[in-house]
Amino acid sequence: MTRHGSQNNRDERTIVTNDERKTIGRGEKRDRKVREAMDLLEAGVEQVLDGEAFKRYLAFAARFHNYSANNSLLILVQRPDATRVAGYRKWRDLGRQVRRGEEGLKILAPILRTVEDEETGEKARILCSYKVVKVFDVSQTDPIPGAEPLPEKPRPKVLRGDSETARALGRSLLAFCGSEGVPVVGDDAELDRLSSGANGVYLLRENRILLRSTLSVDGRAKTLAHELAHHLLHHDAVGTEADRPTFEAEAEGTAYAVLSYFGVDASEYSFAYVARWAESKEVVKTALFNIQKTVRVIVEVVESRDAREDGATDREAA
């Protein structure tokens with residue numbers, strides 16, 4: 001009796017309904033499409049990083065001094081939009097001339113002197129004091145005639161598509177933001193005040209998203225996916241400026257993979273964007289786990305919402 005009852009229970013557990021089969025099939029298909037999108041992302045970004053133009057940029061960037069935290073803060077206070085900073089002579093060596101009348105950015109340079117150990121005779125350089133020196137941002141310089149132009153990071157290309165797929169995805173992403181309690185606002189003036197020229201920004205403390213109103217349909221969906229990824233991944237993260245390359249790679253990688261999953265190609269923007277921030281394959285590989293996890297979350301929510309809407313439409317038609 002007990003054995004028979006156990007067999008019945010076991011048989012009941014192994015029965016899979018048609019609905020369950022469909023659910024399993026959808027899950028397997030979803031996982032396969034997510035993996036395909038992840039493979040495309042990794043290969044696309046690596047292609048940018050392996051390009052000769054990017055290698056030239058990295059070699060150029062390596063010629064700049066890494067400023068201390070204090071000097072970085074001094075530069076930020078004096079010129080918040082500074083990007084590449086060097087001294088007057090360094091800019092000359094790089095083929096650029098500081099414009100007449102430009103005000104230098106004041107930072108502190110160490111004063112060192114050599115001392116000799118009386119017992120061993122070994123010499124060492126020790127810090128004695130600091131002096132104020134001036135450096136200049138690249139925006140304060142002009143190219144010297146005949147000099148080679150400065151290498152640049154790859155620039156993301158603006159997404160100009162207005163596909164219906166991206167329009168529908170944008171609505172689903174907007175609904176997802178609403179369910180998360182994250183309002184989405186189109187305020188170009190505030191966006192430019194906070195991050196001039198940006199397509200969007202996630203305001204962590206206020207838990208809201210700003211989007212540029214002039215974006216194309218495809219661009220709006222991608223940017224919304226990017227900022228939503230910041231919310232899902234980084235809302236509780238305790239990060240510093242040093243973590244930002246990874247955070248940006250994670251957010252843009254998620255946006256690319258979500259759009260790719262639903263059939264919208266954002267590669268011309270996303271590959272260059274991730275490469276600009278990551279600057280190395282190691283950063284990209286570090287970000288892949290969080291990207292894949294977040295893509296699955298967003299895709300499941302979007303597909304569940306679409307399925308509910310399709311069901312409601314069928315019921316209305318019936």
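Sort 43-50, 288-295, 98-105 by the packing proxy (mean of other Cβ within 10 Å over each peptide's residues), most packed first.
The packing order, highest mean first, is 288-295, 43-50, 98-105.
Find which of Pro151, Val115, Leu127 sits farthest along the positive direction of the dipole of segment 96-166, computed with +1 on the beta-carbon of Lys and Arg, -1 on that of Asp and Glu, about the Cα centre.
After comparing all options, I get Pro151.
Return the long-range amide H neighbours of Arg96 (sequence gap of 5 or more, or a different chain), with a cut-off of under 5 Å between placed amide H atoms.
Ile144
How do 111-123, 256-268, 163-175 rank on mean C-beta neighbours within 10 Å, highest first?
Going from most to least packed, we get 256-268, 163-175, 111-123.
Taking a quarter of the surface of the convex hull around the Cα atoms of segment 63-143, what do you get in nm²?
For the Cα atoms of segment 63-143, the hull's average projected area reads 6.7 nm².
With runs of 4+ DSSP H residues as the only contributors, calculate the mean residue ellipticity of the chain at 222 nm using -39,500 (n - 2.57) per run, divided by the residue total and rounded to the nearest 500.
-19000 deg cm²/dmol
To the nearest 20 Debye, how big is the dipole of segment 63-143 about its Cα centre, given +1 on the beta carbon of each Lys and Arg and -1 on that of each Asp and Glu?
Dipole about the Cα centre, nearest 20: 540 debye.
So what's segment 204-291 giving for Cα Rg divided by 2.2 N^0.38 Å, two decimals?
With N residues counted in segment 204-291, Rg over 2.2 N^0.38 Å equals 1.05.
Any chance you could give the angle, 0 to 90 degrees and rounded to 10, that helix 267-278 forms with the longest Cα principal axis of the chain?
50
Could you tell me which of Asn66, Gly51, Leu288 has its Cα farthest along the dipole of the chain towards the positive end, charges placed at Cβ (Lys, Arg +1; Asp, Glu -1), taken about the Cα centre?
Asn66
From the P(r) of the chain, could you give the percentage of C-alpha pairs in the tail past 35 Å?
40
To the nearest 20 Debye, how big is the dipole of the chain about its Cα centre, given +1 on the beta carbon of each Lys and Arg and -1 on that of each Asp and Glu?
Magnitude of the dipole: close to 520 debye.
So, by mean Cβ neighbours within 10 angstrom, what's the order for 127-135, 246-254 with the highest one leading?
Those peptides, ordered most packed to least, come out 246-254, 127-135.
Give the distance, in whole Å, between the Cα centre of segment 242-315 and the Cα centre of segment 50-114.
Taking the Cα centre of each part, segment 242-315 and segment 50-114 sit 34 Å apart.
Considering the dipole of the chain built from charges on the beta carbon (Lys and Arg +1, Asp and Glu -1) around the Cα centre, which of Trp91, Ala237, Leu76 is farthest to its positive end?
Trp91
Coordinate-derived values only; no laboratory data. All of these numbers come straight from a predicted model, not from anything done at the bench. FYI the Cβ positions are ideal-geometry reconstructions off the backbone, even for glycines, and counts take in every protein chain you see.
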